[in-house]
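*Asks:* I'd like to ask you about the structure that follows.
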Amino acid sequence: MSKIYDCIILGGGPAGLAAGLYAGRSRLDTLIIEKAQDGGQIAITDEIENYPGQIVEGESGKSLVARMAEQVKKFGAERCSDVVKSVDFSGQIKKITCAKGEYEAKTVIIATGAHPKAIGCENEGKFVGTGISFCATCDAAFFEDFEVYVVGGGDSAVEEAMYLTKFARKVTIIHRRNELRAAKSIQEKAFKNPKLDFMWDSVVTKVDGDEILQKMWVKNVKTGEETLIECDPDDGLFGLFGFIGYVPNSELFEGQVEMDRGYIPTDADMHTNVPGVFAAGDIRVKSLRQVVTACADGAIAAMQAEKYIADME
């Protein structure tokens, strides 16, 4: 391929779009490659209320991302709908091989994100966004005064369950073992919380409802007994949160950049261990995975890509 871009951004979520906005505004010849719809996980969020500057009266993930994409378009970043098959970061010019063609660039920003591990129950996909969630920070307020269930037993699950008690009237942790895996200090706080309950040796096998989550079946892994849990008739629904871990979308980059359990370590300026390759958003090793932090990552990565290119010339 004759054309060499200044910057190729892999992923069209908030991190990738923010990177595209800043790169385009900096007059870098930029290409964003996204295999599906813009927005990543945020695109399936029905309502957002914690992004600075959003429409206060009501903002969906879809509407927020649509405005981001318009800004990217305004500043000239090219868009490409394609599936990345392989990457080669070994040379000064980085090579991206996709299903529809090959692309080259002086810099690459990896913004492919991560996805939560599925709870693993029947009908799960049908109720994601209508009762099932994987982000307490994002969706806790929507379940104020409702009953909520949390699947998991590690640090994240227990901490998120305690966070949910600030909103829900009751939170029940469903764990497949008879004791939590969370740190003892976290467990101590959890057991003292009057709004927290526990279902031990249990897994969710099936969920159902009339367009929104209203029923679930929970199986005791030791006895095999299955229990049907239904929402309070006055509520009409309940919440089910899954916190059994995330899976970074990083398989393509194995052997190309340094990784830590599938996530990509960077410094504060989004540099990976490979010169000219940056990472932004949920794919990074980081403490908070939210739209606002993804956008910040993307902006920093783009400005560092500009600096890298300037230093090359």
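*Asks:* In whole Å, what are the extents of the range 27-112 along the principal axes defined by its C-alpha atoms, from largest to smallest?
*Replies:* 48, 27, 19
*Asks:* Let me ask something else. Give the carbon-plus-sulfur fraction of the accessible surface of the chain in %, rounded to a whole number; probe 1.4 Å, heavy atoms of protein chains only.
*Replies:* The value for the chain is 48 percent carbon and sulfur by accessible area.
*Asks:* Rounded, prolate or oblate: which one fits the range 223-313, using the alpha carbon gyration tensor with axes a ≥ b ≥ c (rounded when a/c is under 1.5, else prolate when a/b beats b/c, else oblate)?
*Replies:* prolate
*Asks:* Let me ask something else about it. Within the P(r) computed for the chain, what percentage of the Cα pairs occupies the region above 29 Å?
*Replies:* Of the Cα pairs, 42 percent sit more than 29 Å apart.
*Asks:* So what's the angle, to the nearest 10 degrees on a 0 to 90 scale, between helix 155-164 and the longest Cα principal axis of the chain?
*Replies:* Taking Cα atoms only, the helix is inclined about 70 degrees.
*Asks:* On to the next question. DSSP loop (so not H, G, I, E, B), at most 13 other Cβ within 10 Å: list which GluC sites (Glu not before Pro) in the range 156-250 pass both filters.
*Replies:* Taking the range 156-250 and a limit of 13 other Cβ atoms within 10 Å, the loop GluC sites (Glu not before Pro) found are Glu179, Glu211, Glu225.
*Asks:* Then there's this: For a bin width of 10 Å, list the pair-distance distribution of the range 191-246 built from all Cα-Cα distances, rounded to whole %.
*Replies:* 20, 44, 34, 2
*Asks:* Please compute the contact order of the range 1-149 in relative form: average sequence separation of alpha-carbon pairs under 8 Å and at least six residues apart, divided by the residue count, as a percent.
*Replies:* Value for the range 1-149: 28 percent.
*Asks:* Got a sec? Charge dipole of the range 259-308, +1 on Cβ for Lys and Arg, -1 for Asp and Glu; which of Gly262, Ala299, Asn273 is way out at the positive end?
*Replies:* The residue sitting farthest along the positive end of the dipole is Gly262.
*Asks:* Additional query: So what does Arg169 come to for accessible area, using a 1.4 Å probe and Å² rounded to 10?
*Replies:* About 90 Å², ignoring ligands and nucleic acids.
*Asks:* Which residue, chosen from Gly13, Phe167, Thr205, occupies the Cα position most advanced towards the positive end of the dipole of the chain, where the dipole is computed from +1 (Lys, Arg) and -1 (Asp, Glu) charges on Cβ about the Cα centre?
*Replies:* Gly13
*Asks:* Hey, another quick one. Go through Ser185, Ser63 and list them by solvent-accessible area, largest first, probe radius 1.4 Å.
*Replies:* Ser185, Ser63
*Asks:* May I pose another question? Compute, for the chain, the length of the dipole vector about the Cα centre, with Cβ point charges of +1 (Lys, Arg) and -1 (Asp, Glu) only. Units Debye, rounded to 20.
*Replies:* 660
*Asks:* Sticking with this one: Given charges of +1 on the Cβ of Lys and Arg and -1 on the Cβ of Asp and Glu, with all other atoms neutral, how large is the dipole of the range 196-311 about its Cα centre, in debye to the nearest 20?
*Replies:* The calculation lands at about 380 debye.
*Asks:* OK, next. Determine the dipole magnitude for the range 110-175: charges of +1 sit on the beta-carbon of Lys and Arg, -1 on that of Asp and Glu, nothing else is charged, the reference point is the Cα centre, and the result goes in debye to the nearest 20.
*Replies:* 40
*Asks:* Now a separate question. How large are Rg and Dmax for the range 153-205 when calculated on the C-alpha trace, in angstrom?
*Replies:* Taking only Cα atoms of the range 153-205, I get Rg and Dmax of 10.3, 30 Å.
*Asks:* Turning to a different aspect of this structure: Specify, per residue and in Å³, the volume enclosed by the convex hull of the alpha carbon atoms belonging to the range 166-305.
*Replies:* Spelled out: Cα convex hull of the range 166-305, divided by residues, is 183 Å³.
*Asks:* With angles folded into 0 to 90 degrees, how steeply does helix 291-312 sit against the dominant principal axis of the chain? Use alpha carbons for both and round to 10.
*Replies:* Relative to the chain, helix 291-312 is tipped by roughly 20 degrees.
*Asks:* Give me the extension gain from Asp155 to Glu211: residue separation times 0.36 nm, minus the current Cα-Cα distance, reported in nm with one decimal.
*Replies:* 17.0 nm
*Asks:* Please work out the average accessible area per residue across the chain, using the 1.4 Å probe convention, and give it in Å².
*Replies:* Per residue, the chain has 49 Å² of solvent-accessible surface.
*Asks:* Further question on the same structure: Shape of the range 117-212 from its Cα gyration tensor (a ≥ b ≥ c, root eigenvalues): rounded if a/c is under 1.5, otherwise prolate when a/b > b/c, or oblate?
*Replies:* Taking the square roots of the gyration eigenvalues as a ≥ b ≥ c, the range 117-212 is oblate.
*Asks:* Just to be sure I understand: of the beta bridges DSSP finds with both ends in the chain, what percent are antiparallel, rounded to 5?
*Replies:* 40
*Asks:* Show me the ranking of peptides 3-12, 201-210 by mean Cβ neighbours inside 10 Å, starting with the highest.
*Replies:* Ranked from most to least packed, the peptides come out as 3-12, 201-210.
*Asks:* Could you tell me which of Phe142, Gly113, Ile132 has its Cα farthest along the dipole of the chain towards the positive end, charges placed at Cβ (Lys, Arg +1; Asp, Glu -1), taken about the Cα centre?
*Replies:* Most positive-ward Cα: Gly113.
The values are calculated or read from the model by the stated rules, or taken from the named source; none is laboratory data. Bear in mind the structure is a predicted one, so any value in this text is a computation, not a measurement. As a convention, Cβ positions derive from the backbone with ideal geometry for all residues, glycine included, and neighbour counts pool all protein chains shown. Note: accessible area is taken over every heavy atom of the protein model, side chains too, but ligands, DNA and RNA are not part of it. Shrake-Rupley method; radii C 1.70, N 1.55, O 1.52, S 1.80 Å.
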